[in-house]
Amino acid sequence: MDLMDESTPLARELVSETRRREKLRGRVLPRPPQTRIMTVSNQKGGVGKTTTTVNLAAALATAGQNVLVIDMDPQGNASTALGIDHRAEVESIYDVLIDDLPLADVVAPCPDISNLVCAPATIHLAGAEIELVSLVAREQRLSRALSAYAAERERRGLERLDYIFIDCPPSLGLLTVNAFVAAREVLIPIQCEYYALEGLSQLLKNIEMIQKHLNADLVVSTILLTMYDGRTNLAAQVAAEVREHFPEQVLNAVVPRSVRVSEAPSYQQTVITYDRSSTGALSYLEAAAEIAQRA
Ligand SMILES: Nc1ncnc2c1ncn2[C@@H]1O[C@H](COP(=O)(O)OP(=O)(O)O)[C@@H](O)[C@H]1O
Ligand SMILES: [Mg+2]
């Protein structure tokens, strides 16, 4: 098949992907002037929060940025995808939040990606939502742990972190509140399906409350359209609607529904390491480049 013959849809897609890849090749991403702390949030489950967290983190780390992922979901899916041990007996973000264990004691390196570290979540985190209620400074615990960790890295002569991604559980409880208080930016993944916008106004209201009472600096900086199915009109309609409402925030990059993306976690991998040449990896690399450019 002549790849430059753009007369069939498949050939056109191949040509377009090759062009997109060319654009990314050899691109050096600027390091942000200070650590960017992004909380990946949407109280809906299954919209791509964890997938987005680990793949953006991997994309930025493989581009040379120093990245930390905080797994704040008791399910520990981000820990799994990054190949980080999160069996019940492992010291985890639970111990940091509840028992004031230093974050430096629980952070583990991702085995496949240098510059990428992760604070794992274990099943104990499921109880933290309730245990946090009676603790002092219950909303600020993650924020304080991150500040102490930054100081500890400096003391140990480690490089400053460029990005911290916090993977939230699908709820708006105290774990998510801790993430909002610790972060400067919110990244909302939106699944291009019918109910996508439902619940978004609730999420935005909650963020407004946080801005008013707990963290005036918090901004919804980034929206990423995920699981886009180009064959349906619905996906295109939802995408257009989200872009109309949030023209500044929505990234140009769109993550398609892709088997490689969903397969990667079962090999304790991100799609960036599992199949870097796949279309899903390409989209996450593009999204990461856009985020870095927007700093
Ligand atoms: N772009 C994609 N293509 C195909 N499957 C995806 C894609 N993004 C996520 N998934 C799958 O959808 C499910 C939910 O994604 P996940 O990131 O775990 O959502 P959340 O963290 O919001 O609950 C997972 O099984 C994941 O592998
Ligand atoms: Mg998740």
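The values are calculated or read from the model by the stated rules, or taken from the named source; none is laboratory data. Everything numeric in this text was worked out from a predicted model, so none of it was measured. Neighbour counts are summed over all protein chains in view; Cβ atoms, including those assigned to glycine, are modelled from backbone coordinates with ideal geometry. All accessible areas refer to the heavy atoms of the entire protein, side chains included, with ligands and DNA or RNA removed. Shrake-Rupley method; radii C 1.70, N 1.55, O 1.52, S 1.80 Å.
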Only residues in region 215-229 that are within 16 Å of ligand 1 (Cβ to nearest atom) count as the first member; pair them with residues that are in a loop (DSSP other than H, G, I, E, B) and open to solvent by 60 Å² or more (accessible area, probe 1.4 Å), Cβ under 7 angstrom, at least 6 apart or cross-chain, and list the lot.
-> Met227/Arg257; Tyr228/Arg257; Asp229/Arg257
Would you check if there is a residue in region 22-45 being at pLDDT below 95, open to solvent by less than 50 Å² (accessible area, probe 1.4 Å), away from ligand 2 (no atom under 16 Å from the Cβ) and part of a helix (DSSP H, G or I)?
-> yes
Working carefully through the options Glu152, Glu185, Glu208, find the one that is touching a residue at least 40 places away in the same chain (Cβ under 8 Å) and within 22 Å of Lys44 (Cβ to Cβ).
-> Glu185
Going by the structure shown, is Ala236 open to solvent by 30 Å² or more (accessible area, probe 1.4 Å), of a type in the set (A, V, I, L, M) and either under 19 Å from Lys49 (Cβ atoms) or modelled with pLDDT under 95 (or both)?
-> yes
Answer with yes or no whether Val238 is more than 14 Å from ligand 1 (Cβ to nearest atom), in contact with a Cys (Cβ under 7 Å, 6 or more places away or on another chain) and either of a type outside the set (A, V, I, L, M, F, W, C) or farther than 22 Å from Ala281 by Cα (or both).
-> yes
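Residue-by-condition table, conditions (1) within 16 Å of ligand 2 (Cβ to nearest atom); (2) in a loop (DSSP other than H, G, I, E, B):
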{"residue": "Thr122", "(1), (2)": "yes, yes"}
{"residue": "Ile130", "(1), (2)": "no, no"}
{"residue": "Val133", "(1), (2)": "no, no"}
{"residue": "Val136", "(1), (2)": "no, yes"}
{"residue": "Leu158", "(1), (2)": "no, yes"}
{"residue": "Leu187", "(1), (2)": "yes, no"}
{"residue": "Ile190", "(1), (2)": "yes, no"}
{"residue": "Leu197", "(1), (2)": "no, yes"}
For region 194-221 the number of residues that are farther than 15 Å from Thr176 by Cβ and touching a helix residue (DSSP H, G or I) at 6+ places or on another chain (Cβ under 6 Å) is 1
